[in-house]
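Let me begin by presenting the structure, written as C-alpha cells, before commenting on it.
The values are calculated or read from the model by the stated rules, or taken from the named source; none is laboratory data. Computed from a predicted structure; not experimentally measured. When we count neighbours, we look across all protein chains shown, and the Cβ atoms used for this are built from the backbone with ideal geometry, even at glycine. Side chains included, ligands, DNA and RNA excluded: accessible areas come from the protein's heavy atoms. Shrake-Rupley method; radii C 1.70, N 1.55, O 1.52, S 1.80 Å.
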Amino acid sequence: MQTYDAIVIGNGIAGAALSYELAKAGQSVLLMDDGNPDSGTRYSYGGIGYWAGTTELTTKLFQEGFARHQELSDELGAETQLRELDLLLTVEKGADVDELTRAYGAFNTPPQFISAKEAGEIEPCLDADAIAGAFITRHAQIDPMSLVAAYNQAFRQLGGHHNLSAVTGLVKVGDRITGITTNAQAYPAGMTIVSAGAYSLQLLKSVGVKVPLYFTHAEIVETPKLNFEVRSLIMPATNARFEMESKAGNFDWEQTDSQIMPPILEAGVIQLADKTARIGQISRFYTGYESPVEGEESRKEMVRAIAQKLPELKNVSGTWRHCLVSFTQDGLPLIGPVPSVSGLHLFSGFTGPFALVPPVAQRYAQWIKDSSDPYIDQILVNRFLSE
Ligand SMILES: Cc1cc2nc3c(=O)[nH]c(=O)nc-3n(C[C@H](O)[C@H](O)[C@H](O)COP(=O)(O)OP(=O)(O)OC[C@H]3O[C@@H](n4cnc5c(N)ncnc54)[C@H](O)[C@@H]3O)c2cc1C
C-alpha cells in the first residue's frame, strides 16, 4: 500500500488550497473529505478583505492573498469568479459614528464613512431612511465552491489523490501519528494534516490533543435567483462577533451541548454570479455539533432583519442553512506541527480564509521543507502550546 508524504483531511478552502500547494511542491498527497454539504466554505460570502490588515503580518498576508487570487484562475486552469465590488458596512440609526470611525481607523485601508443618501445611490436596493450611513471600501470576492473546484482540479492534474470518505480516526503508534482510518481501510502517511474546520477538534481530541480552537454555529438563508440586482456586499458596521470571539478562551467549552455566549445576528447579503443570494447571518456559540435550533424562526429573523435595510427582500423565499465555522481567540489561523505528537499537523482556524488561505497554504507547503518562514513562524500552533 502506498505511503503518502501527506494526507490532508478536509476539502474546505483550507484543505483544498493546501493539498494543491503540497502537490505542486512535489509531495505525494491524499486529500480526504466526507462530502458533508454543510460547510463554512459552501455557505460563505467568499469576501476577500485585502484592505483589513491591522499588523505588519496581516497587512502583508492580506495583500499577498489578493495578488495570489489574481493569478489563481490562470494557474489552476479554472475560473474562480474573482471580482471587485463595494463593501457597504451599514450603520444603525443612533450608533456612535465617531467610535466606529476610530475602530475602522485601525485597518491598513480604513473604510470611509458616507451618508445614508450616498449609500443609497451606490446601492439602490438600500433604504436610505433605514440607516444612519455606511462605511464603504473596495472589497474582492470569489465564488467559494468555484475556487475549491479549481484547486481540486489542478491538484488531481498534479497527480494528487482525492478520496470522498470520512476519516474515522488517526492511527497513533507511540507518540507518532502514522496515518488515518476510514470505515473501509487505513492509509499510511509521513504527515497527517488536519484541515477539517470545526471538526478538527474532534479528530485531535481522539488522540489526546487539545488546542485553543473554537467554533460557532453559523446560519444563513440561501435564496433562489433574485429578479433584481444587489450590487454590493452588505454587512453591519458593528463587529460584535469578533469581540465575542476574542473572549472565547474565558469560557469552559468542555461543557456538553451548552450555549457559551448569546447568539448574534449580523444582517448581511451577497448576491452571487448565478443571481442567487446568501442572507446572513446568525452565529451561535454552542458547544454541541448539531444545531440547537430547527431553523424556521431563524430564517424569518434573518429575512426580517435584512428587509429592514433592503425592503425588496421582504418576501424573498429561501432555505435555512447551517454549518460550523472554526475560529481562534487572536483571529489568526492555527497551523503547523502539533507539539508532542510527531507526524500530526493542523491547518485550521482561519477567520478570513478567502484572503489568507492562498498565500498561507503556499508558504506553509514551503515551510514544511525549510522549517522557516517569517510569517508562518508567527501563526504556528505552538504560540499557544508548549512542547
Ligand atoms: C455566512 C458566512 C459568511 C462568511 N463570509 C466569509 C467571507 O466573506 N470571507 C471569508 O474569508 N470567510 C467567510 N466566512 C468564513 C469561512 O467560510 C470559513 O471560515 C471557512 O469556510 C473555513 O474553511 P475551512 O476549510 O477551514 O473549513 P470548512 O469549510 O469547515 O471545511 C472543512 C471540511 O472538512 C470536512 N470534514 C470534516 N470532518 C471530516 C472528516 N472526519 N473526514 C473527512 N472530511 C471531514 C468537512 O466536510 C468540510 O468539507 C463566512 C462564513 C459564513 C458561515
Can we say SER73 is away from the ligand (no atom under 16 Å from the Cβ) and free of Cβ contacts under 8 Å to residues at least 24 places away in the same chain?
-> no
Of the residues that sit in the range 354-375 and are not charged (D, E, K, R) and not in a helix (DSSP H, G or I), which one is nearest to the ligand (Cβ to nearest atom)?
-> TYR375
Please specify each residue of the range 245-263 satisfying the condition of being within 15 Å of the ligand (Cβ to nearest atom) and open to solvent by 20 Å² or more (accessible area, probe 1.4 Å).
-> PRO263
With GLU266, GLU294, GLU312 as the choices, which residue is in a loop (DSSP other than H, G, I, E, B) and of a type in the set (Asp, Glu)?
-> GLU294
Cβ pairs under 9 Å, 6+ apart or interchain, first in the range 353-376 and farther than 19 Å from VAL338 by Cβ, second of a type in the set (A, V, I, L, M, F, W, C) and open to solvent by 40 Å² or more (accessible area, probe 1.4 Å), ordered by first then second residue, are PRO359/ALA67
Is one or more of the residues making up the range 176-187 touching an Asp or Glu at 6+ places or on another chain (Cβ under 8 Å), small (Gly, Ala, Ser) and more than 9 Å from the ligand (Cβ to nearest atom)?
-> no
If a residue has to be in a loop (DSSP other than H, G, I, E, B) and open to solvent by less than 40 Å² (accessible area, probe 1.4 Å) to count, how many in the range 58-82 make the cut?
-> 2
For the range 99-123, what are the residues that are open to solvent by 50 Å² or more (accessible area, probe 1.4 Å) and either of a type in the set (S, T, N, Q) or in contact with a Lys or Arg (Cβ under 7 Å, 6 or more places away or on another chain) (or both)?
-> THR101, ASN108, THR109, GLN112
Considering the range 8-57 alone, what residues qualify as being of a type in the set (Val, Ile, Thr), buried (at least 19 other Cβ atoms within 10 Å of the Cβ) and either more than 18 Å from TRP367 (Cα to Cα) or not assigned by TED's automatic domain parsing to the domain that holds LEU203 (or both)?
-> ILE9, ILE13, THR41, ILE48
Any strands (runs of 3 or more DSSP E) falling wholly within the range 124-240 and containing at least 2 residues that are in contact with a strand residue (DSSP E or B) (Cβ under 9 Å, 6 or more places away or on another chain) and surrounded by 21 or more Cβ atoms within 10 Å (Cβ to Cβ) = 133-141, 176-181, 186-194, 213-222, 233-236
Filter the range 27-60 down to the residues that are within 6 Å of the ligand (Cβ to nearest atom) and not polar (S, T, N, Q), then identify the one that is nearest to GLU266 (Cα to Cα).
-> TYR45
Based on what the data block shows, is ALA67 among the aliphatic types (A, V, I, L, M), closer than 30 Å to PRO110 by Cβ and at pLDDT 95 or above?
-> yes
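Listed here are the residues, each with its yes/no results for (1) within 30 Å of VAL293 (Cα to Cα); (2) surrounded by 23 or more Cβ atoms within 10 Å (Cβ to Cβ); (3) modelled with pLDDT of 95 or more; (4) under 12 Å from the mean Cα position of the chain (by Cα).
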site: VAL316; (1), (2), (3), (4): yes, no, yes, no
site: LEU324; (1), (2), (3), (4): yes, no, yes, yes
site: GLY352; (1), (2), (3), (4): yes, no, no, yes
site: GLN362; (1), (2), (3), (4): no, no, yes, no
site: LYS369; (1), (2), (3), (4): no, no, no, no
site: ILE376; (1), (2), (3), (4): no, no, yes, no
site: SER386; (1), (2), (3), (4): no, no, no, no
